[in-house]
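Every read-out reported here was derived from the displayed coordinates using simple, explicitly stated rules and does not represent laboratory data. What you are looking at is a predicted structure, and each value in this text was computed from that prediction instead of being measured. Glycine gets a Cβ as well: all are built from the backbone with ideal geometry, and neighbour counts include every protein chain shown.
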Amino acid sequence: MGEAVDIAEVARAAGLTASTLRFYEEKGLIASTGRRGLRRQFDPGVLERLALIALGRSAGFALDEIALMFAPDGRPRIDRDLLTAKADELDRRIRELEVMREGLRHAAACPAPSHLECPTFRRILGDALAGNGADPLTAGGTR
């Protein structure tokens, strides 16, 4: 292993604040190797672990879920079923966002004098109010 890295250096290299690193340590996501004066020191390998944490956060995992992805010795221990479930969740969210995008495009180009006079826009409003995930542009009507 390389020489210990100061918390400020880790924060700078990872693009995080020192308080975020302390929070991650408190949550058990990373561990300091000691202190030099009052400043925490970390093994240089912490940067790879922080990269895995950042990847997990980008994918939408909660910190508690990410913490479970590491074995007690700090090595990655990733549950493939959990990854598959998250990928499925992302697929659903992508479909929802595609519907939202198409609804916005329709509203932007709608020839109706007022959006409230547009049947498609009214369906979009109704679905939004109901929390319905149905595609308002194809469900029960025409574009």
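Using Cα atoms only, what is the angle between the long axis of helix 80-109 and the major principal axis of the chain, expressed in degrees (0 to 90) to the nearest 10?
Roughly 40 degrees between the two axes.
For the chain, take the longest principal axis of its alpha carbons; what is the angle in degrees between that and the long axis of helix 119-130, to the nearest 10 within 0 to 90?
It is inclined by approximately 40 degrees.
May I ask for the net charge around GLY15, where only other residues with Cβ less than 15 Å from the Cβ of GLY15 are counted and Lys, Arg are +1 while Asp, Glu are -1?
+1
Provide the net charge surrounding ALA87, with neighbours chosen by a C-beta distance below 12 Å and charges set as Lys +1, Arg +1, Asp -1, Glu -1.
Value of the local net charge: 0.
Would you mind giving the three semi-axes, in whole Å and largest first, of the ellipsoid equivalent to the range 80-130 according to its Cα gyration tensor?
Value: 32, 11, 5 Å, ordered largest first.
Report Rg/Rh for the chain, rounded to two decimals, where Rg is the Cα radius of gyration and Rh the Kirkwood radius.
Here the Rg-to-Rh quotient is 1.24.
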